[in-house]
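Readers should treat all values here as calculations from the given coordinates under stated rules, not as data from a laboratory. Quick caveat: nothing in here was measured; it's all calculated off a predicted structure. Every residue, glycine among them, receives a Cβ derived from its backbone with ideal geometry; neighbour counts consider all protein chains shown.
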Amino acid sequence: MYLGVFGLLLGMFLAMVDGLIVGTALPTIVGELGGLDQLSWVVTAYLLTTAVATPIWGKAGDLYGRKGTFMAAIGLFLAGSMLSGLAQDMGQLIAFRALQGLGAGGLMVGALSVIGVLVPPRQSGRMQSMIGAMMPVAFIGGPLLGGFLTDHLSWRWAFYVNVPIGVVSLVIVGGWIRLGRTERSTARIDYPGVVLLSGAILALTLLASWGGVRYGWGSPQILGLAAVSVVALAWFVRVERRAVEPVIPPRLFRSRNFTLAQLLSFLIGAVMLGVTSYLPQYLQFVQGLSPTAGGLLLLPLMFGMLGVQLGTGALISRNGRYRIYPILGGRSADRGCTGPAAARQGDHDGPGLRAHGRRGDGHRVRHAEHHADHHEQRGAP
């Protein structure tokens, strides 16, 4: 059983580490393929399709079997990884990253669903420890591996590196995991909700990318995108209220703590993606550092994020108090992001290290807020 679980964890590891590896290689990718104005879409396309595909993979696992669905997700992810490494221009890379994201949406949810069936409840604590042990490896090893591969091989290996790990996962899961036929159940996929949510997110993304750059803010194109996003979101809310199994159950937002936690998660997640995507560009283009050195300067961020996540989780579990941590995390994130702007020009390592360390502390807002919702539901003080 443990060998099979290891195969599942490898699939989860791919989902954790991919963005961190690719982020360090992005400046080199732009230097070779061009298209700096399209760089954000390399990340956005991946995240957009991942978000859309995740609930579909979950429902598909209930309908057609969790093991087979998880293996299909890995196969699709590896196909996208190979094609991304073979991309000849930025347009191809964006399209293949979108394909990769479709597969990535099933990695985490698929692995966790199989583990839930395969592992007895009394061993769930051990499984959580194993999953937690992957976090430092992914957070710390991802930027370093991305920089090393880009410096010594090619940026294309930032995508190719997924293939051997994914193949090992496929072989182990296919050969050592056996699930009974009772794992399947009936489920309904909320296709209208998925389509409307995807359209709204895509319209908002295009609006933010094109507004003031390609088209004026008052142009018909931008106003049309704004109208599409508003209509799609309004229609999505209406559909979700009537859906039998909605993509996002509206009842969850009746909880003030849940709503606040999601809002803070959104804001901090946006800052985190901005830092991991664009800070390597600053370090390499402006400061003239190599990809490996840029990856090293991301380590304070990762160490700070990991350390405070673990420490905050332990403190909340011990005393049940949580409100102070999001406040401290938000303040730390603000100082970490604005600090480098005030740093003296020419200080190469210092601002990077300080910004990363402080920024890492701030990322705990998401972790603490999720704990806050969990404890609130249990009636914690």
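Worth pointing out:
- Amide H contacts under 5 Å for residue 290: none, restricted to partners 5 or more places along the chain or on a different chain, H placed in the peptide plane at 1.01 Å from N.
- Using the average count of surrounding beta-carbon atoms within 10 Å as a protection proxy, the listed peptides 155-164, 206-215 rank, highest first, as 155-164, 206-215.
- Computed from backbone phi with θ = phi - 60° and the Karplus coefficients 6.51, -1.76 and 1.60, the 3J(HN,Hα) list for the stretch 55-66 is x, 5, 4, x, 5, 4, x, 5, 7, 10, x, 5 Hz; x is used for glycine and proline.
- Computed 3J(HN,Hα) for the stretch 96-109, one whole-Hz value per residue from the Karplus formula 6.51 cos²θ - 1.76 cosθ + 1.60 where θ = phi - 60°, is 6, 5, 4, 5, 4, x, 4, x, 4, x, x, 6, 5, 5, glycine and proline marked x.
- Between residue 241 and residue 227, the modelled label-to-label distance comes to 2.4 nm, taking each label 7 Å out from Cα in the direction of the beta carbon.
- FRET efficiency estimate (nearest 0.05) - Cβ-Cβ, residue 195 to residue 327, R0 41 angstrom: 0.60
- Dipole magnitude for the stretch 172-292: about 460 debye, using +1 per Lys or Arg Cβ and -1 per Asp or Glu Cβ, origin at the Cα centre.
- Each peptide in 78-91, 53-66 receives the mean, over its residues, of other Cβ atoms within 10 Å, and ordering these scores from highest gives 53-66, 78-91.
- Dipole in debye (nearest 20) - the stretch 18-110, about Cα centre, beta carbon charges: Lys, Arg +1; Asp, Glu -1: 400
- Per-pair calculated FRET efficiency, R0 = 22 Å: residue 36 and residue 287 via Cβ, rounded to 0.05: 0.80
- Computed packing ranks the peptides 10-21, 279-290 as 10-21, 279-290, most packed first, by mean other Cβ atoms within 10 Å.
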